[in-house]
Each structure stands twice: as structure tokens, then as C-alpha cells.
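A short worksheet on the structure shown next.
The values are calculated or read from the model by the stated rules, or taken from the named source; none is laboratory data. Nothing here was measured: the structure is a model prediction, and the numbers come from that model. All Cβ positions, glycine included, derive from the backbone under ideal geometry; neighbour counts span all protein chains shown. Note: areas computed on protein heavy atoms with side chains; ligands, DNA, RNA excluded. Shrake-Rupley method; radii C 1.70, N 1.55, O 1.52, S 1.80 Å.
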Amino acid sequence: MKNTFNQQPGYVKFDTSGNDNRFPSFLQGFNRRWFAGNCKSVYLCFTPAGTAEALDDAIKLFGKNVKIKSGGHCYENFVFNDGTGAILDVTPMGGYGFDDQRGYYLESGGTNWSAFQALFRDYGKVLPAGSCYSVGLGGHICGGGYGLLSRLNGLTVDWLTGVEVVVKDNANASANPIYVSAEDTNIDQLNLYWSHRGGGGGNFGVITKYYFKSLPDAPKSAFITSIAFKWANLTPKILGELLTWYAEFAQRTDNWRQFGLFALNHVAATEIHLTIQTAVAEGEDVEAIKAQYITPHLTGLNAITPYTLMTRAGVAHLGNIFQTSEDTIEYTFYETVQLLNGSGANQRGKYKSAYMRKAFPQDQVDAIYAWLNAVPPGLELTDMAQSLLQVDSYGGQINQVATDATAVPQRSSIMKLQYQTYWTDPADDQAHLGWINDFYTDVYKFTGGTPNPDKDPTDNVDGCYYNYPDIDLNGPSNDKEIALKLYFGKNLARLKATKQRWDPNGYFNSAQSI
């Protein structure tokens with residue numbers, strides 16, 4: 001395989017005409033379940049113009065079997081599958097800066113970590129993005145990304161004021177990069193901008209750059225409070241009380257500086273872990289912040305069940321490398337992001353999501369307790385040590401935005417859930433997939449097996465997160481319309497109209513594309 005450096009500037013094309021030891025690495029992402037075994041060409045894109053040229057070349061050769069890659073985390077095989085003929089990889093575009101007219105910008109090939117470093121180091125700003133360092137900005141930001149500062153500052157798309165995107169809206173014309181923004185008066189361009197505020201990557205074109213007229217200031221420091229609860233002390237009643245406490249924490253209006261990550265690990269891990277980040281601004285009294293926002297939490301939790309206060313000695317896949325601590329610890333904000341900055345090893349994985357507007361009802365608590373104690377047939381207890389339900393606090397500033405202001409309709413939830421399971425042996429695929437599917441279906445058995453708000457008379461669940469795609473949501477009929485309604489609710493109609501205008505030929509497609 002040889003690499004062919006084209007005469008046109010802006011991209012490099014790798015194809016199967018020679019030998020190149022790098023080529024297989026371009027065909028797999030973070031999730032080792034997926035591999036693009038029939039891919040014939042990979043285009044590394046360096047500029048917007050080069051991206052447009054690469055897109056035209058790829059479509060000419062492979063039609064609708066062209067996929068777009070940024071970070072490559074790929075919960076599902078939307079990029080890396082047997083039908084993929086070519087991959088446009090935007091990871092070489094990792095630049096950033098400040099434009100006098102358009103504001104701060106981040107190129108789409110960067111990651112959560114590179115974006116944080118650039119904005120913090122050079123400008124003292126932050127984007128309320130995720131904590132998994134290697135997740136690519138190309139999909140994370142436009143999918144409605146959130147992170148440990150989102151209760152304080154909102155979602156990534158709440159700050160997004162412009163997008164540079166390569167579009168191919170005419171099969172007989174060349175692809176070209178355009179800039180769309182909140183200031184557009186052309187309704188088609190305004191819809192394209194709006195659709196990138198939560199409508200996900202790879203749906204309307206190839207994103208090359210994000211713009212933000214303003215961004216929040218970085219905190220000066222943060223407390224990280226890490227609490228371990230031993231499974232040996234947990235019962236369904238106690239777990240329910242902990243989750244009720246956590247829901248009350250998440251729905252408070254006076255603690256938006258705090259964000260919680262509650263990792264309900266499988267019993268195989270022996271403990272469940274609650275992590276709370278408490279941001280501290282310049283000039284604030286650190287001890288007063290601690291007394292007001294942290295000490296009462298510890299007192300309340302201790303009244304429910306004994307716990308062990310921990311400090312992080314490192315970051316593993318689940319952030320579970322801990323040492324016993326005497327106290328919660330204040331870190332500089334750069335240290336804070338480093339400590340909570342984990343993606344873990346490349347493994348096989350499966351994920352599901354849900355939004356919740358209220359506390360867990362008892363039937364869900366009982367289901368969670370049962371499935372976190374269950375071992376699928378054919379597996380050992382130790383095989384489940386990386387299986388969990390992570391419950392993130394939500395709401396705060398996120399919920400101050402109207403449901404149709406962006407493409408993200410979930411603006412009244414207080415918690416966001418991610419069901420996860422990881423393994424390494426392909427022979428264990430069905431056991432892990434069966435476990436997580438049955439777990440999820442059981443938790444939402446009263447709303448049709450998914451967190452479907454249309455089937456919830458209690459107004460608790462509020463659909464799913466598009467950046468945590470789950471092909472099972474298409475249902476037995478493999479109807480992606482079912483899944484898209486769970487992701488986008490009433491905003492789906494506008495997204496579909498935008499799709500028809502800007503990608504009428506369906507070049508940008510997947511099993512759950514708009």
C-alpha cells in the first residue's frame with residue numbers, strides 16, 4: 001500500500017494500491033468491536049479546501065459509502081463497518097485561535113484535552129466539554145457535548161455561535177466550505193447552523209471549525225470529593241436512599257458550581273463511587289466554599305450508610321484508582337482536569353443512555369440493584385468488573401435554555417445516565433450485550449423498554465443522548481425513526497428539513513443519521 005500525496009493541497013490519500021504499515025490503524029477506532037475491513041481509501045484532511053476536494057474524490061469513487069472520522073470513539077459501527085469504502089479523517093485539523101470577527105475557534109480534529117489545553121493556557125477560558133481526553137471535537141461539540149462544568153456553564157452548543165462546514169448539496173457541483181452562524185439572515189443557512197447545535201456530526205456535511213463569540217472563564221481551582229460505598233453494605237433500600245439523595249443534589253438551584261459522577265459499578269468491582277467536582281473562582285474563600293458545599297454532603301451521606309473518603313492516585317478506565325484520604329482535596333483547575341481526564345484502554349464496549357427529570361422510582365432502583373448483582377451465563381463474576389451504570393448530575397444552567405433554542409430538546413432533566421459494559425474477548429460479546437440490553441429493558445419496562453417520554457405518565461424520563469448512540473433503539477424493525485424521536489423529540493422535524501436541504505442525495509449517512 002502506498003500513500004499518494006496529491007497535487008491538490010489540503011489532503012493526503014492512502015489507498016490499497018501499495019503497502020503502508022499505517023493503513024490498518026486508520027480502519028479502527030476506540031471500540032475494538034468495529035473495523036472497516038473493506039475500506040479502500042483514507043483521506044487525511046488538513047484544510048477546509050482540501051476536505052472539499054477529498055470529499056468530491058471519495059464520493060466519485062465510493063458514492064454513499066464515505067464516512068467521516070474525528071476522534072473515532074464510535075459507540076456503534078457508523079464509521080467502521082464492512083460497507084465503508086472510504087474514510088475522511090479530519091484529525092490533522094487540530095488548530096485553534098481567536099478571530100477578531102468570529103471569536104474563539106477550534107478545528108474539528110482536536111480533542112477534549114487539546115481544546116482544554118489551548119483555551120485554558122492561551123486565553124484563560126474553558127468550553128464545558130467532556131472529561132474523556134481522546135473524544136474528538138468533530139462529533140462531541142455538535143452533538144450537544146457536556147462535561148463537569150455544564151451545570152455551571154451549560155452545554156457546548158449553548159456557546160456555539162458559528163460553524164465552518166464542507167457541504168455537498170448538489171451532486172453535479174463541487175463540495176465547498178461555508179460559514180454559518182447565529183447572525184445568518186438566510187433561513188437555510190440559519191437552519192444549518194441551528195442543526196449543528198445538537199444535531200450531531202456527519203449528518204449535514206464535514207465540520208472543519210467551530211466558533212464561539214465568548215466562552216466562560218476557567219475556575220481558579222476545584223475540590224474533588226471521591227466517595228466509595230462498599231457493596232457489602234448496600235441493600236435495595238440503601239441504594240434507593242443514596243439515589244434519592246443524589247437526585248436532590250442534582251435538582252438544587254444553589255449548587256451549580258458542583259457536578260456529580262455516580263458510578264454504580266457492578267458488584268464485581270466491590271464498590272460504587274461518587275465523585276463531586278466543586279469549582280472555585282478567583283477571590284473566593286476556599287474554606288467557606290468547602291464548608292458550604294462539601295461538608296453538608298458528607299454529613300448527609302454518612303447518615304445513610306458508611307463510606308470511605310478517597311483521593312485519586314491515578315485515572316483508570318472507570319477512574320477507579322483510589323487511595324484512602326483524610327479529607328477532600330483542592331486542586332488547581334489544570335490538575336483537576338488531568339485527574340478526571342480518562343478514556344481508558346481500547347476495548348470492546350456497549351453503551352445506552354437516558355435522561356431523567358425526577359428521582360428514581362422504587363421499581364427502577366430494584367432493577368438497578370438486581371442487574372448490578374447479575375452475572376450472565378458463561379461469564380465469571382470478575383468478567384463484570386467493568387460493567388456499570390454511571391449517573392451524571394445535569395440541569396443547572398443547561399435547563400435555562402428553551403427546548404427548541406438548540407437541537408437538544410432535553411432541557412428539564414436533572415440526571416443523565418450512561419449504561420456501560422466493557423470486555424476484551426469477542427467470544428463474550430453476546431453475554432455482555434445480552435446483559436446490558438436486558439438491564440436497560442427492565443429499568444424502562446413501564447415505558448416500553450426505553451426511556452420514552454411519550455409512554456411515561458409520570459413525566460420522568462426524557463429520551464436519549466445522540467452522542468451515546470445505541471442501535472438497539474431502532475427496535476426489532478430496525479426503524480431509525482424510532483431512535484431519532486428519542487434523541488430529538490419535537491426538534492426532529494426541523495433537523496430533517498435541514499438534512500433534505502443540505503444533503504438531498506444522502507451522502508452523509510449511517511444507521512441513525514438524520
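In this structure the chain gives 38 Å² per residue of accessible area when probed at 1.4 Å with all protein chains present. The stretch between GLN362 and GLU380 holds 3.6 nm of extra length on full extension. This uses 0.36 nm per residue minus the Cα-Cα distance.
A simple charge model with +1 on the Cβ of Lys and Arg, -1 on the Cβ of Asp and Glu and nothing else charged puts the dipole of the chain at about 800 debye relative to its Cα centre. Paramagnetic label reach from TYR334 (point 7 Å along Cα→Cβ; backbone nitrogen cut-off under 13 Å): within region 273-298, no residues. Expressed as a whole percent, the accessible surface of region 159-258 that belongs to carbon and sulfur atoms is 47, based on a 1.4 Å probe.
Simple spin-label estimate for ARG252 and GLN117 gives 3.5 nm between the two label positions (7 Å along the Cα-to-Cβ direction from each Cα). Stretched out straight at 0.36 nm per residue, the stretch from ASN170 to THR299 would grow longer than its current Cα-Cα span by 40.2 nm.
Among ARG494, ARG22, the order of accessible area from largest down is ARG22, ARG494, computed with a 1.4 Å probe on protein heavy atoms. Between GLN101 and ALA232, the FRET efficiency from the beta-carbon distance, with R0 = 51 Å, is close to 0.25. Using a Förster distance of 45 angstrom, determine the FRET efficiency expected from the C-beta separation of ASP327 and ILE471, and round it to 0.05. My answer for the efficiency is 0.50.
With the cut-off at under 17 Å, measuring from each backbone N in region 330-366 to a point 7 Å along the Cα-to-Cβ line of LYS220 picks out 330-336. Judged by the ratio a/c of the largest to the smallest principal axis of the C-alpha gyration tensor, the chain counts as prolate, that ratio being 1.5 or greater while a/b is larger than b/c. Converting phi to 3J(HN,Hα) with the Karplus coefficients 6.51, -1.76 and 1.60 and the offset θ = phi - 60°, region 225-234 yields 9, 10, 10, 10, 10, 6, 4, 4, 9, 9 Hz in sequence order, with x at every glycine or proline.
Residues GLU335, GLU282, sorted by accessible area with the largest first, give GLU282, GLU335 [1.4 Å probe; ligands and nucleic acids excluded].
Give me the percent of the accessible area of region 423-514 that comes from carbon and sulfur atoms, probe 1.4 Å, all protein chains in place. Taking all protein chains in place, region 423-514 shows 52 percent carbon and sulfur surface. Which whole-angstrom value gives the distance between the alpha carbon centres of region 13-74 and region 340-373? With region 13-74 and region 340-373 each reduced to a Cα centre, they are spaced 33 Å.
On region 81-150, 45 percent of the accessible area sits on carbon and sulfur atoms, based on a 1.4 Å probe. Between region 145-196 and region 486-514, the alpha-carbon centres lie 14 Å apart. Shown are ASP366, ASP15, whose ranking by accessible area with a 1.4 Å probe and every protein chain present, most to least, is ASP366, ASP15.
What shape does region 331-418 have by the C-alpha gyration tensor, where a ≥ b ≥ c are the square roots of the eigenvalues, rounded means a/c under 1.5, and otherwise prolate means a/b greater than b/c and oblate the rest? Note, shape of region 331-418 comes out oblate. Compute the Cα gyration tensor for region 182-277, then decide on rounded, prolate or oblate, letting a ≥ b ≥ c be the square roots of its eigenvalues: rounded whenever a/c is under 1.5, prolate when a/b is larger than b/c in the other cases, and oblate in all that remain. Note, shape of region 182-277 comes out prolate.
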